[in-house]
Amino acid sequence: MDGETPLEVHDLSVAYHKKPVLYGIDLAVPAGKLIGIVGPNGAGKSTFIKAVMGLLPLSSGWVKVYGKSYRENCRRVGYVPQRESVDWDFPVNVMDVVLMGRYGRLRLGQRPGAKDREVARECLEKVHMLPYAKRQIGNLSGGQQQRVFLARALAQESDLYLMDEPFVGVDAATESAIVTLLRELKERGKTVLVVHHDLSSAKEYFDMLMLLNMRLVAFGPTAEVFTPEKLQTTYGGRLTILSEVVQTIGTVEK
Amino acid sequence: MSGLLRSGKREFFDASHAHPKSRTRGVNSTAARTSAFAPVRIPTLLIFAALVLLPQALYAARISELTDTSLTERAVRFFTFQDPSLRFALLGSVLLGICCGLMGSFLVVRKLALMSDALSHAVLPGVALGFLWNMSKDPVAIFIGATIAGLLGAGLVQAIRSTTKHKEDAALGFVLASFFAVGACLVTMIQNLPDGNKSGLDKFMFGQAAALGRADVILLGIVAVVTVVIVLLFYKEFLVTSFDAAFASSGGIPAQIFHYVLMVLLAFAIVSSLQAVGVVLVAAMLVIPAAAAYLLTDRFGWMLILAAAFGVATGAMGSFLSFVGRNLPTGPLMVLAATAVFIAALLFGPRHGVLAKWWRQRSQSARIGRENMLKAMYHLLEGENFRGETIPIRELAEARREPIEDVTKSVAKLRAHGLVSFSSDHKAAVFTPDGWKRACEIVRNHRLWELYLTHAANYAVDHVHEDAEKIEHILGEDTVRQLEKRLNYAHQDPHGKLIPGHQDIYGKGPVRQGAR
Amino acid sequence: MGELIPAFDFHRVIVEPWTEGFSLTIWIVLMGALVGTACGLVGNYLLLRRMALVGDAISHSILPGLVVAFMIFRTVNTPVMFIGALGAGLLTVAIIEFIQKQTRVKVDAAICIAFTSLFAFGVTLVSAAEAAGPVHVDAECVLYGEIALVPFDPPFVLGGIELGPPPVLRMAIVTLLLAVAILAFYKELLITSFDPGLSRSMGLRTTFWHYGLMIALSLVVVSAFESVGAILAVAMLIVPAMFAAQISSRLPMRLLWTGIHAVVSAVTGYHLSVWLQCSAAAAMVVCGAALFVLAWGFTALGKRRAHVESTALQREA
């Protein structure tokens, strides 16, 4: 690691049609940690990582990845989107999808070469999916599809990984395989942010937790953050004044 | 004006042969049409009948007029390229097939098929304005006008979706219909003009490949080359943005820009195909060949190639039929040819075809039937504590509660698969080693699954049989290994019966099984 | 260009149609308004169910139904045409569902394949028949019809009273039937459109109402076909309903606004067509679309003040 902060977020706000979804997030993510992003439904967990990657317009604030803007350093970031976000009937096979992980490193119009294929094969091997390389992606189980997405992110050979709900709808074997993989990434000094929906396993999987409900409720080592009070603030319905105000605006405007 | 309109009264269907005497619309009046094109007789009708299986009886009375010579003569003329206009028509159709096939593939996988329908209708006002530019069918002016109209339409769809609560379907429908209405107004206005060369505008509705000129073909050629080059050059970018736009953007590939590039190429493809296919049916030439290709392959590269090939074939077929049918509108014929290709792909596709699926289902249910019979035989042997080896057909029939004849037939099928053999008098069956192995596997799968459900999933013992009846046929060896391990290589199922183990099935012969 | 757009002569465009040309104007405008209302009523439900483009598909694909019905029965009786159209409409829905269920082709492509194929079949039949002589049909009429050219005389006479031209009467009856049906089954249509899951749990047969709506759609489109053609029928289905949805968020008000929109666009459209000497049906659609754009502009202005979309959060999901 070069000592820089993998991800620095300052006063990040996101709004859909003027209605705030994320509000004033300040954050500096240390290198080499496994970080879980936890919060109730609609708390803006996916929105947060999409906003970090510039997929959504920010209404305020800035994001720095290894000290530069996301655009400049996008090659150092790997992304695992939600499994439902793509059409699994798409006519590509497993190898094609994993090769897409290499596209960011290639010039415009350049085709993936033998070296890229080699990297893709290694990544498939890591998630135990090499035997399925020629399969059409629709003929895989949910867990296998998730592993393909992970292999694709590995093929990006990044330093910071953003994963959106990788544990949703996967079998136990895949879940433990993903956990092993995450730990391995961490040992290699990578930083991984994982949107996670299951509180009970969050404590066990992650070094640090980010409790999110429209605003950043808490961020820190799991032992410090995983406390009843903080979880209550995060999950306690509409306890925060902010979301109450938003709700009121919503009803008045209707 | 009103008085004129009255005298121009027209009926939609007019069974009598009478034509209205005067029209306000000069160009497209039926009188002008019928004189322009020599009346088409039966050959044409026959082709359609053959093509779409229309009951030929409808025309039975007129079949006697059929003249083979004219049909074959025209076909020969088509294939020997005697007409220069024919060469243009064919070349044009081939080029448009390539453009439409390539663009259509992207539309199908991006679920934008209806966008193409809206855009193809939306270009009409642009066509009319391009025509007005110097009152002639100037391909370049029409190309520019139509492209602008198409892109405006695409922009309007986006604007409606983002600033109103209307959903995409309404936005597309609105753009399609309102742009087309503006176009229809303009077209009827042009046709009411007292002078100028108005002919040819009506051909933009349903297309007329025979009306393609040198300039049209050159334009089509340019568009085709540009499309092919851009798709080849940026294949990987188009692939990843179509599959997963968010991932592409996160990796620094500007998905939005490639979307716009695709829309511009789409507009080009639509506009350059107008002359041959017509406003109304361009969408079909885009979507149908690509959808047929989508059914046949699992790789996007192949889909592009197949779609282009289908586009070329159907384009050429359409212009051929149009020519043989004496200048019938080309667009509908191309679309019908494309539909025929799609139906063929739908029925006979090797993996996703309806017939292939049906065949797979059939062979699977046949396999399940065989396996159930093997299982019944195993149960009979088990009932005798594996003392004998022969299973009397009569007992098997009793156990299965089926007539003896039926069971004999089923056992004969098993024999055909090398799973059992008959005793010398055909009254009893004996397992072959293969059959014995398969029977043990099925029984093992069934009992393992029952045990798994009761142990691991806390099912009641009397609830597991039905489930296991289905699972036993689809458990793979890998899963079985896992189950065995998980259940500590248990020997007994929840009902107290023996579960054949790995050694029993693969290690020893059938007879010793009972001795365990 | 000057000759393309005739000078705006107030007397010719505005006054004359309602004085000398009254007997013609009234029927054309009435026809336009009736078509707009009938289509718009059905269109409201199509919009609610996000099926606007199924309307597009069916209005195209009834063409082969009409032609085949004509070829079999050799008559243009309304019931015969309706049966043909209904058959084609249901066939379209069935093909779309078949492709969607049996293959991995998605619904948008399935719609596109189904209706373009049927429409191409219809056009081919029409052109072949036209050229061969037994039927006289104008292929272009199929696309944008012509209200002004619909046969208006002889008027339909009942018991000595001249009621009006048959096509207009037919359209009036269809509109009336539709209005009565919507009044009678208002709550069933509403609940099955809004929440199919809930209505199924309440014992309502959603498939029944779905096909009921499809039948109504075929009926409306086949009656509108002659005067507005396949593509402008789509406009008549979608545009009034979109206008109404832009103005009101309550269904009863929307249905009312649909009628108002139909009348206004019929009148203004007719004058536009007299002025520009263009297709009356197309001009009516252009005016209808312009009305929608106006309403859109107004709501956009209103929104600038303080409107927050209630759907904002849902879009995230």
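The values are calculated or read from the model by the stated rules, or taken from the named source; none is laboratory data. Owing to the predicted nature of the structure, the values given are computational and were not obtained by experimental measurement. Here the Cβ positions follow ideal geometry from the backbone for every residue, glycine too, while neighbour counts run over all protein chains shown.
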_3 or more residues within 13 Å of another protein chain (Cβ to nearest Cβ) and over 17 Å from the mean Cα position of the chain (by Cα): qualifying helices (runs of 4 or more DSSP H) within segment C:196-295_ = C:251-276
*Taking into account only those residues within segment C:97-113 that are surrounded by fewer than 22 Cβ atoms within 10 Å (Cβ to Cβ) and either of a type in the set (Val, Ile, Thr) or in contact with a Gly (Cβ under 9 Å, 6 or more places away or on another chain) (or both), which is farthest from C:LEU213 (Cα to Cα)?*
C:ARG104
*Failed criterion for B:ILE253 (all others in (1) under 18 Å from A:VAL98 (Cβ atoms); (2) part of a helix (DSSP H, G or I) hold)*: (2)
*The one condition in (1) more than 7 Å from chain C (Cβ to nearest Cβ); (2) farther than 24 Å from B:VAL277 by Cα that B:LEU193 fails to fulfil*: (1)
*So is C:SER127 under 19 Å from B:ALA284 (Cα atoms), at pLDDT 90 or above and surrounded by 21 or more Cβ atoms within 10 Å (Cβ to Cβ) or not?*
no
*So which residues in segment B:216-237 are under 22 Å from A:ILE137 (Cα atoms) and either of a type in the set (Ser, Thr, Tyr) or at pLDDT 95 or above (or both)?*
B:TYR235
*When both residues are 6+ apart or on different chains and their Cβ atoms are under 6 Å apart, which pairs have a first residue that lies in segment C:103-124 and is at pLDDT below 90, and a second that is of a type in the set (Asp, Glu)?*
C:ARG104/A:ASP89
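For every residue, the table says whether it meets (1) within 26 Å of A:GLU118 (Cβ to Cβ); (2) surrounded by 18 or more Cβ atoms within 10 Å (Cβ to Cβ); (3) modelled with pLDDT of 90 or more.
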position: A:PRO40; (1), (2), (3): no, no, no
position: A:ALA43; (1), (2), (3): no, yes, no
position: A:SER59; (1), (2), (3): no, no, no
position: A:GLY67; (1), (2), (3): no, no, no
position: A:TYR79; (1), (2), (3): yes, yes, yes
*Using the structure shown, decide if C:LEU63 is facing another protein chain (nearest Cβ under 7 Å) and part of a helix (DSSP H, G or I).*
no
*Do the conditions hold for C:HIS11, that is, is it facing another protein chain (nearest Cβ under 9 Å) and either without any contact (Cβ under 8 Å) to a residue 12 or more places away in the chain or crowded, with 16+ Cβ neighbours inside 10 Å (or both)?*
no
*Do we have C:VAL80 as over 15 Å from the mean Cα position of the chain (by Cα), under 22 Å from C:LEU176 (Cβ atoms) and not in a loop (DSSP other than H, G, I, E, B) here?*
yes
_If the requirement is being charged (D, E, K, R) and touching a strand residue (DSSP E or B) at 6+ places or on another chain (Cβ under 8 Å), which of these qualifies: B:LYS409, B:LYS413, B:LYS427?_
B:LYS427
_Out of everything in segment B:234-285 that is of a type in the set (Val, Ile, Thr) and closer than 19 Å to B:GLY301 by Cβ, what residue ends up being nearest to the other protein chains (Cβ to nearest Cβ)?_
B:VAL240
*Any chance segment A:55-62 includes a residue that's in contact (Cβ under 8 Å) with a residue 60 or more places away in the chain, more than 11 Å from chain B (Cβ to nearest Cβ), assigned to a loop (DSSP other than H, G, I, E, B) and not aromatic (Phe, Trp, Tyr)?*
no
_Failed item, numbered, when A:ALA223 is tested on (1) over 30 Å from B:HIS352 (Cβ atoms); (2) surrounded by 15 or more Cβ atoms within 10 Å (Cβ to Cβ); (3) more than 14 Å from chain B (Cβ to nearest Cβ)_ = (2)
*Please indicate, with yes or no, whether at least one residue in segment B:158-170 is assigned to a helix (DSSP H, G or I), among the hydrophobic types (A, V, I, L, M, F, W, C) and touching a residue at least 60 places away in the same chain (Cβ under 8 Å).*
no
*Mind counting the residues in segment A:4-48 that are charged (D, E, K, R) and at positive phi?*
2
*Return the total of residues in segment A:43-63 being under 19 Å from A:ASP198 (Cα atoms) and touching an Asp or Glu at 6+ places or on another chain (Cβ under 7 Å).*
3
